[in-house]
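First the structure, in the form of structure tokens, and then the observations on it.
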Amino acid sequence: MSTVLPELFAAVVIAGLSSVNAAVPGAAWGRSRDFRFVLVAAANGFLAVVGAVWAWGLLPDHPPSWTQVAWPVELLLLAVVLLLLLSTVWPRAR
């Protein structure tokens with residue numbers, strides 16, 4: 001049980017940050033209609049789904065085997081989420 005809580009926390013952080021991070025490029029796409037923003041928003045949407053599936057895999061209700069999490073993959077995914085978040089909040093060069 002002691003290793004489940006940090007894994008569940010990381011999975012929820014991945015799902016939450018990705019969901020929030022999809023809103024920024026979505027709003028930018030609404031203003032500029034630049035397709036790059038759709039790609040960043042879609043990437044964050046998929047990362048949010050992966051985080052939610054992994055969080056589901058950590059619940060005690062006997063989830064399917066394909067929802068099980070692995071720490072190295074989860075940490076790599078968390079790094080990707082943080083880099084995508086930084087890419088949307090970093091000021092644009094003028």
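Compared with the dominant principal axis of the Cα atoms in the chain, helix 35-57 is inclined by about 10°.
Given the options A28, A52, A70, which has the most mean-square fluctuation in a GNM of the chain, springs set between C-alpha atoms less than 10 angstrom apart? Most flexible of the set in this elastic network: A70.
When the Debye formula is applied to the Cα atoms of the chain, each taken as the same point scatterer, what base-10 log of I(q)/I(0) results at q = 0.16, 0.21 Å⁻¹? Listed by q, the Debye log ratios stand at -0.65, -0.95.
Placing a label point 7 Å from the Cα of S87 along the Cα-to-Cβ direction, the residues of region 39-58 with a backbone N closer than 18 Å are 39-51. The label point for D61 and the one for F35, both projected 7 Å from the Cα toward the Cβ, are 3.9 nm apart. Contact order, relative form, for region 1-79: 35 percent (alpha carbon pairs under 8 Å, 6 or more residues apart, mean separation divided by residue count). Working note: Karplus 6.51/-1.76/1.60 with θ = phi - 60° gives region 14-28 the couplings 4, 5, x, 4, 5, 5, 5, 5, 6, 6, 5, x, x, 5, 5 Hz, where Gly and Pro are set to x. Per residue, the chain reaches -26500 deg cm²/dmol at 222 nm when only DSSP H runs of four or more residues are counted, each adding -39500 (n - 2.57).
In region 48-94, one over the average inverse separation of all distinct C-alpha pairs is 12.3 Å, which is the Kirkwood hydrodynamic radius.
Every read-out reported here was derived from the displayed coordinates using simple, explicitly stated rules and does not represent laboratory data. The shown structure was predicted, so the numbers you read here are calculated from the model rather than taken from an experiment. Glycine also receives a Cβ, built like all others from the backbone with ideal geometry; neighbour counts cover every protein chain displayed.
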